[in-house]
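K.L.:
Just dropping this structure here.
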Protein chains: 2
Amino acid sequence: MKIIFIGSGNIATHLSNALKLSGHEILQVYSRTKSNAKRLAVNIGAEFTDDLGKLRSDADIFIIAVKDGVLPEIAAKVNVGKRLVVHTSGSMDMEVLKNTSVNYGVFYPLQSFSKKIKVDVSGVPILIEANKAGNERILFRLASAITGKKNIHRMNSAKRKTVHLAAVFVNNFSNHLYAIADELLKDKGVPFDILKPLIIETAKKIQHNPPLKMQTGPAKRGDRKIISEHLKMLESNPSYKKIYSLISKSISEAIPGT
Amino acid sequence: MKIIFIGSGNIATHLSNALKLSGHEILQVYSRTKSNAKRLAVNIGAEFTDDLGKLRSDADIFIIAVKDGVLPEIAAKVNVGKRLVVHTSGSMDMEVLKNTSVNYGVFYPLQSFSKKIKVDVSGVPILIEANKAGNERILFRLASAITGKKNIHRMNSAKRKTVHLAAVFVNNFSNHLYAIADELLKDKGVPFDILKPLIIETAKKIQHNPPLKMQTGPAKRGDRKIISEHLKMLESNPSYKKIYSLISKSISEAIPGT
């Protein structure tokens with residue numbers, strides 16, 4: 001298929017590279033910042049523009065991969081007639097595109113992309129939604145070019161939003177817990193490296209077991225002595241102390257009999 | 001070395017198996033529950049007892065791997081004279097053993113063990129501490145039998161307690177975030193499997209990058225619209241809602257300029 005990317009950020013970069021590698025053609029990249037559009041476009045053999053008025057019209061699909069905050073504005077400015085247009089957002093409604101084309105949908109890769117970090121896209125779940133069955137079939141085909149069929153999920157906007165919320169917990173929030181741990185260790189001159197095997201093991205354990213059953217630690221055991229020692233150690237950081245006691249409380253509520 | 005284990009839980013199980021595999025001899029396993037002592041002992045070719053008065057005296061090292069809450073009591077009841085005795089706790093002082101022997105220390109494997117889940121002990125960090133340099137050398141040798149030398153860290157009790165606190169954040173608390181996500185998805189009939197690649201990727205990303213730099217998400221971007229939508233979706237669960245807003249606030253405080 002011939003594809004135009006509107007946006008040149010993390011998702012656009014990873015998606016366009018994966019689609020290019022799987023044999024699709026990227027015609028053009030738009031970004032409001034010309035240098036960003038150029039950098040990505042040159043890399044994948046596409047044209048580039050910073051002018052929405054100069055979007056080519058001969059693409060099979062337009063992929064809008066921009067920040068949630070600017071998506072409604074972009075959607076309002078672009079009209080691709082009968083061409084298929086999708087956005088890549090977990091948290092935005094499909095209907096934000098209803099005036100952009102008569103054929104529209106969502107193509108949401110459920111992964112945390114950073115420009116500089118390679119991700120094996122072949123294992124990434126892709127959540128698709130479309131306003132017509134035919135469009136959904138096109139999106140399924142597109143998704144199956146870059147990920148395994150079992151990773152493709154048809155899902156409406158309401159469910160997708162819940163998946164996005166859950167992703168915030170496991171990705172954004174877990175990462176912040178890693179950052180807190182890093183800071184606690186730095187204060188004592190202990191390298192963060194020491195925690196890396198534990199972090200990997202924690203993520204691996206739930207691949208084949210429900211997380212509730214994998215729970216360990218002082219809150220799960222109801223070990224008040226250790227908990228109060230830990231709270232004392234966090235005295236100088238009220239925000240981390242609050243996070244500690246709130247999550248500990250939530251753990252003990254989740255585990256029956258503690 | 002000839003080793004006696006006091007305790008038959010997760011740590012005792014994993015440690016004794018790894019030590020046995022590396023050529024050490026486990027003489028005896030104690031547990032206050034005879035069937036538990038037996039189960040582990042039979043598995044590693046050791047004797048077993050549920051009577052602290054019947055501990056053999058011909059071991060080179062006694063490893064007390066019991067819950068923090070009962071460690072002081074066990075330490076008070078056992079005296080092994082000049083034999084080396086260690087505990088395996090991250091959060092207990094080394095000095096809890098000062099009346100158990102004239103030679104004592106700590107041997108803390110920094111990992112979350114579950115009895116039924118195999119862990120590759122060869123990558124597990126082991127934190128050691130001893131009351132004499134000679135004892136520390138023995139513990140270093142013992143640790144190097146089961147993990148790489150770069151994973152062995154000499155560390156005093158105060159620092160080890162901070163490592164343990166940090167481990168609670170990255171292991172216990174991250175796991176609880178996984179459990180929350182699981183529950184949110186279950187409510188909408190979405191399988192938890194969909195988040196597993198993201199969870200692994202989140203843990204992998206910080207193996208070679210500082211977590212603070214890997215932060216993404218609405219709180220990092222300062223996206224108040226998405227945050228308030230998420231809070232609305234959590235309305236029916238005040239505890240998760242509080243966790244969401246507290247961690248989001250903490251992220252925005254940690255990231256300068258948001």
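The values are calculated or read from the model by the stated rules, or taken from the named source; none is laboratory data. Computed from a prediction, not measured in an experiment: that's the story for all the values here. Every residue, glycine among them, receives a Cβ derived from its backbone with ideal geometry; neighbour counts consider all protein chains shown. Protein only, heavy atoms only, side chains kept; ligands, DNA and RNA dropped before computing areas. Shrake-Rupley method; radii C 1.70, N 1.55, O 1.52, S 1.80 Å.
K.L.:
Report the residue, chosen from A:Gln207, A:Gln215, A:Gln111, that carries the largest GNM mean-square fluctuation when chain A is represented by alpha-carbon nodes joined by springs under 10 Å.
P.N.:
Its mean-square fluctuation being the largest, the pick is A:Gln207.
K.L.:
Sticking with this structure for a sec: Cα-Cα over 30 Å: which of B:Lys204/B:Lys242; A:Lys77/A:Lys161; A:Lys161/B:Lys118; A:Lys196/B:Lys220?
P.N.:
Details: B:Lys204/B:Lys242 28 Å; A:Lys77/A:Lys161 24 Å; A:Lys161/B:Lys118 35 Å; A:Lys196/B:Lys220 23 Å.
In this structure, A:Lys161/B:Lys118 exceed 30 Å between Cα atoms.
K.L.:
Let me ask something additional. To one decimal in nm, how far is A:Asn237 from the same spot in the other copies, if labels go 7 Å from Cα toward Cβ? Please give the shortest first.
P.N.:
The projected label point of A:Asn237 is separated from its counterparts by 2.5 nm.
K.L.:
Might you report the magnitude of the Cβ-based charge dipole of the stretch B:122-232 about its Cα centre, with Lys and Arg at +1 and Asp and Glu at -1, to the nearest 20 debye?
P.N.:
Here the size comes out at about 560 debye.
K.L.:
Now for a different question. Every other copy gets compared here: list the nm distances from the B:Lys34 label point (7 Å along Cα to Cβ) to its counterparts, shortest first, one decimal.
P.N.:
Those separations, rounded to one decimal, come out as 8.7 nm.
K.L.:
Straight-line reach from B:Lys188: which aspartates and glutamates fall under 16 Å, measuring Cα to Cα and dropping same-chain residues less than 8 apart?
P.N.:
B:Glu235
K.L.:
Now for a different question. Tell me which of B:Gly148, B:Asn131, B:Ala166 sits at the most positive position along the dipole axis of the stretch B:120-167, charges placed on C-beta atoms (Lys, Arg +1; Asp, Glu -1).
P.N.:
B:Asn131
K.L.:
Next question. Using the Cα gyration tensor of chain A, with a ≥ b ≥ c the square roots of its eigenvalues, what is the shape: rounded (a/c below 1.5), prolate (a/b larger than b/c) or oblate (neither)?
P.N.:
Since a/c reaches 1.5 and a/b is larger than b/c, the shape of chain A is classed as prolate.
K.L.:
If I take every Cα pair under 8 Å that is 6 or more residues apart in chain B, average their sequence separation and divide by the length, what percent do I get for the relative contact order?
P.N.:
Details: 366 pairs, mean separation 29.4, N = 258.
Contact order relative to length: 11 percent.
K.L.:
Taking a label point 7 Å out from Cα toward Cβ, give me the nm distances from B:Pro210 to the same spot in the other copies, shortest first, one decimal.
P.N.:
Shortest to longest, the spacings are 4.0 nm.
K.L.:
Mind checking the mean number of beta-carbon atoms from other chains within 10 Å of the Cβ atoms in B:234-246?
P.N.:
That works out to 3 on average.
K.L.:
Provide the buried accessible surface between chains A and B in square angstrom, both chains summed, 1.4 Å probe, rounded to the nearest 100.
P.N.:
8300 Å²
K.L.:
Using unit Cβ charges (K, R positive; D, E negative) and no other charged atoms, how large, in debye to the nearest 20, is the dipole of the stretch B:183-235 about its Cα centre? Don't skip to the answer; put the middle values down first.
P.N.:
Working: 11 positive and 7 negative charges, 60 e Å.
So the magnitude is around 280 debye.
K.L.:
Separate question: Who wins for biggest fluctuation among B:Ala37, B:Ala76, B:Ala59 in a Gaussian network model of chain B, springs between alpha carbons below 10 Å?
P.N.:
Result for chain B, Cα springs under 10 Å: B:Ala76 fluctuates most.
K.L.:
Roughly how many debye, to the nearest 20, is the charge dipole of the protein assembly as shown about its Cα centre, given +1 on each Lys and Arg Cβ, -1 on each Asp and Glu Cβ, and no other charges?
P.N.:
For the protein assembly as shown, the charge dipole is close to 300 debye.
K.L.:
Heavy-atom accessible area per residue, the protein assembly as shown, 1.4 Å probe: how many Å²? Mind dumping the intermediate values first?
P.N.:
Details: 22260 Å² over 516 residues.
Per-residue value: 43 Å².
K.L.:
Mean-square fluctuation check for chain A, GNM, Cα pairs under 10 Å: which of A:Thr33, A:Thr88, A:Thr49 is largest?
P.N.:
It is A:Thr33.
K.L.:
Sticking with this structure for a sec: The stretch B:115-140: which residues show an accessible-area loss of 10 Å² or more, assembly versus chain alone, 1.4 Å probe?
P.N.:
B:Ile117, B:Val119, B:Gly123, B:Pro125
K.L.:
First check a/c for the stretch B:15-162, with a ≥ b ≥ c the square roots of the eigenvalues of its C-alpha gyration tensor; if it is under 1.5, answer rounded, and if not, answer prolate when a/b is larger than b/c or oblate otherwise.
P.N.:
rounded
K.L.:
Give me the percent of DSSP beta bridges within chain A that run antiparallel, rounded to the nearest 5.
P.N.:
Working: 5 of 28 bridges.
So the antiparallel bridges in chain A amount to around 20 percent.
K.L.:
I would also like to ask the following. What is the distance in Å between the Cα centroid of the stretch B:67-112 and that of the stretch A:200-258?
P.N.:
Between the Cα centre of the stretch B:67-112 and that of the stretch A:200-258, the gap is 24 Å.
K.L.:
Just the accessible area for A:Ser114, please: 1.4 Å probe, Å², rounded to the nearest 10?
P.N.:
Answer for A:Ser114: close to 20 Å² accessible.
K.L.:
Give the separation of the Cα centroids, the stretch B:143-167 to the stretch B:40-58, in Å.
P.N.:
Cα centroid to Cα centroid, the span is 27 Å.
K.L.:
Okay, next question. Have a look at the stretch B:1-46 and give its Rg and Dmax from the Cα atoms, expressed in angstrom.
P.N.:
Expressed in Å, the Cα Rg and Dmax of the stretch B:1-46 come to 9.2, 27.
K.L.:
Moving to a separate point now. Just from its helices, what would the mean residue ellipticity at 222 nm be for chain A, if runs of 4 or more DSSP H residues each count -39500 (n - 2.57) and the sum is divided by every residue, rounded to the nearest 500 deg cm²/dmol?
P.N.:
Counting only the DSSP helices, I get -13000 deg cm²/dmol.
K.L.:
Pop out the carbon and sulfur fraction of the accessible area of the stretch B:22-112 as a percent, whole number, probe 1.4 Å.
P.N.:
46 percent
K.L.:
In terms of the Cα gyration tensor, with a ≥ b ≥ c the square roots of its eigenvalues, is the stretch A:164-258 rounded because a/c is under 1.5, prolate because a/b exceeds b/c, or oblate?
P.N.:
oblate
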